[in-house]
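First comes the structure, then the notes that go with it.
Taken together, the values in this text are just the output of simple stated rules run on the coordinates, not laboratory data. Treat the numbers as computed from the prediction; the structure is a model and nothing was measured. Backbone-built Cβ (ideal geometry, glycine too); neighbour counts: all protein chains shown.
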Amino acid sequence: MRVRYAPSPTGDPHVGNVRQAIWSWLFARHSGGDFLIRLEDTDQTRKVPGSLERIYGSLRWLGIDWDEGPDIGGPYAPYVQSERLPRYRVAADQLLADGHAYLCFCSSERLAEMRKAQQAAGESPGYDGLCRTLSVAEATTRAAAGEAHVVRFKMRDDGTTTLVDLLRGEITVENRHFDDFVILKSDQFPTYHLAHVVDDYEMQISHVTRGDEWLPSAPRHARIWDALGYARPTFVHFPVILGPDGGKLSKRHGAKSVLEYADEGYVAGAVFNFLAILGWSFDDKTELFTRARLTEIFDLADISVNPAAFDTQKLEWMNGVYLRDMPEPELTALFAERLDRDLPTDVARPLDRALIAAFTPHIRERVKLLSEVAGLVDFFFAASVVTPGADEFLSAKRWRDDAAGAAGSLRAIADTIEALADWSTAAIEAAMRGTAEAIDEKAGDVFTLCRLAVTGKRIAPPLFETIEIVGRETTVSRLRAAASALAPTV
RNA sequence: GCCCCUAUCGUCUAGUGGCCCAGGACGCCACCCUUUCAAGGUGGAAACGCGGGUUCGAUUCCCGCUGGGGGCACCA
């Protein structure tokens, strides 16, 4: 088995594209076959600088490796189409010599007018075959004289073309629905149609995997393989991915590149897992798989052919699962790296690694995205928290009309904490509960005030653990500061 | 307009003629746990697009319609 991922350098690969790479890679690795990268850059006008590096980066991030490619070469080098021009020329000449193709001198102006007329008449657009009637002698003469021309493949006739797609079975179409399409452009570059056939053949690709959008033109490719005398490969057309709304995947709705997902705090394992099972399933219940496991069980035949909508919520859930299941040291490292990036600059660097390790177990199941971490734990780092306004403290029913009572409770807890002998989560909890009882308040009501005072947040990691990590001194001062803000006089 | 692909809960899917008054997951709702929020546990609502066939019997096979997606470039 030899499979290739053949991106065009037109920007960052989006998720649909990447899923194709994942499936192709999984298929190759499953069968012990080769996986290679080939750059399809025959359109000189659409090149985007840096694309190739971004493509490599996306693949590497996901843990996809390749056996041959532009960067590492291989037995069929070069792996960049713009460096393989002579090969396409040879193939085109062979097609010309065998009568499967002809030179076309029609100008783009004539082509445009023709199309316009066809559409006005309600006909389907397509080349009318004018130059097909030219004698070989005349065509050769005009070309030799330097007249601009393209090479067209003789596709249109009375017959039918049948091909087999691995996922859909046999597909037969009538050739009259096709026109004679261009295989070699006037700039001497091949079109995709010719280039990929020549390359996939020469590179011994066994399974031509690609997006669904190629299905309608697959008959063209089948005809070229035949005309060139090549044995056809197995065609596999992958479904597209739809946006969350079921419409086309667009930049608006998360048609993001995987690199952007990395940026937002998704981990590679989750993204790989999610994309692998989007439109593919192993059985009726399993959804969480490691890369290794997927490699073992992946089968192209289990892909469902209808387009799947990208479910961001499920991806988030899965990312949370990956984060929770990760070994703690690894998670701590991830948090540290992320916090270094996200925490405000006034927090001194390097960040206290021991501190991060201390709170990691308490926030790991509260985080779905790495990008959420900073907002959850910033108070551990700040010298003083931004104390919420009084209305924040008094929003609970118990304290609504009792700022003095709230301040008093805070002071009582501060006194308790200050005098606490044993500094442990259990001791802190016991003492705080005892204090609440002693001042005849409900524990929950008091804890809410403390949470606000110590973390500055309504939603935070568990209180007692948090206090233990924040430390006695800081806790007490934050408690007293909040109390003073609520009721200046004792 | 023409051509191709496709059709199970809101979403991703299992299902390959009877096991299905359709199973799992995300999401949603309720309850439990609980110092907040999560996580976790339990339970619940939620689907075979429509019409014809074929068959003793169709979610499963065939046809049509409708819906969805894609394609009709000297782009890939």
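Some notes on this structure:
- As an equivalent ellipsoid, the stretch A:114-177 spans semi-axes of 30, 19, 11 angstrom, where each value is the square root of five times an eigenvalue of the C-alpha gyration tensor, largest first.
- Cα-derived Rg over Rh, computed across the stretch A:424-484 with Rh taken as Kirkwood radius: 0.93
- Of A:G265, A:I413, A:F393, farthest towards positive along the dipole that unit charges on Lys, Arg, Asp, Glu beta carbons give chain A: A:G265
- With respect to chain A, whose longest principal axis is taken over its alpha-carbon atoms, helix A:353-363 is tilted by about 90°.
- Ordering A:95-101, A:18-24, A:299-305 by mean Cβ neighbour count within 10 Å, with the highest value first, yields A:18-24, A:95-101, A:299-305.
- For the stretch A:229-296, projected area of the alpha-carbon convex hull averaged over all directions, nm²: 7.6 nm²
- Charge dipole magnitude, Cβ of K and R +1, D and E -1 - the stretch A:292-402, Cα centre, debye nearest 20: 180 debye
- Computed Kirkwood radius, in angstrom, where 1/r is averaged over Cα pairs of the stretch A:1-140: 18.3 Å
- For A:Q204, the shell of other residues with beta-carbons less than 11 Å away shows a net charge of -3, using +1 for Lys and Arg and -1 for Asp and Glu.
- Listed cross-link partners A:K116/A:K154; A:K368/A:K397; A:K256/A:K285; A:K256/A:K457; A:K397/A:K457 are compared with a 20 Å cut-off, the Cα-Cα value being larger for A:K116/A:K154; A:K368/A:K397; A:K256/A:K285; A:K256/A:K457.
- With all projection directions averaged, the alpha carbon convex hull of the stretch A:123-278 covers 13.6 nm².
- For A:D34, the residues whose amide H sits under 5 Å from its own are A:R2, A:V3, ignoring neighbours fewer than 5 places away on the same chain, with H placed 1.01 Å from N.
- Tilt relative to chain A, helix A:15-30 - C-alpha long axis, 0 to 90 degrees, to 10: 80 degrees
- Selected from A:L294, A:A481, A:G159, residue furthest toward positive end of dipole (chain A; charges at beta carbon): A:G159
- C-alpha center-to-center spacing [the stretch A:316-388, the stretch A:91-111] in angstrom: 62 Å
- Ellipsoid equivalent to the stretch A:48-95 - semi-axes via the Cα gyration tensor, in Å: 27, 13, 8
- Rg in Å to one decimal, and Dmax rounded to a whole Å, for the stretch A:249-408 via C-alpha atoms: 20.9, 70
- Contact order relative to length of chain A, as percent, for alpha carbon pairs under 8 angstrom and 6 or more apart: 12 percent
- Of the peptides A:222-232, A:390-400, the ranking by mean beta-carbon count within 10 Å, highest at the top, reads A:222-232, A:390-400.
- Kirkwood radius and radius of gyration were both taken over the C-alpha atoms of the stretch A:186-344, and their ratio Rg/Rh is 1.07.
- Per residue Cα convex hull volume in Å³ - calculated over the stretch A:371-442: 136 Å³
- Amide H within-cut-off set for A:G211, under 5 Å, with H built and near neighbours excluded: A:F238
- Partnerless cysteines, meaning none of the other Cys C-beta atoms lie under 4.7 Å away, in chain A: A:C106, A:C450
- Charge dipole magnitude, Cβ of K and R +1, D and E -1 - the stretch A:60-212, Cα centre, debye nearest 20: 400 debye
- Pairs of Cα atoms nearer than 8 Å and 6+ residues apart set the relative contact order; for the stretch A:397-490 it is 42 percent.
- From its DSSP helices (H runs of at least four residues, each -39,500 (n - 2.57)), chain A gives a residue-normalised ellipticity at 222 nm of -14000 deg cm²/dmol.
- Convex hull volume of the stretch A:334-490 per residue (C-alpha atoms, cubic angstrom): 115 Å³
- Peptides A:164-175, A:273-284 ranked from most to least packed, by the mean per-residue count of other Cβ atoms within 10 Å: A:273-284, A:164-175.
- Gyration tensor over alpha-carbon atoms, chain A, equivalent ellipsoid semi-axes in Å: 66, 22, 20
- Straight-line cross-link reach from A:K248 at under 18 Å between alpha-carbon atoms covers these aspartates and glutamates, not counting any fewer than eight positions away in the same chain: A:D12, A:D212, A:E213, A:D311.
- Student exercise, the stretch A:218-316 dipole from Lys, Arg, Asp, Glu Cβ charges, in Debye to nearest 20: 500 debye
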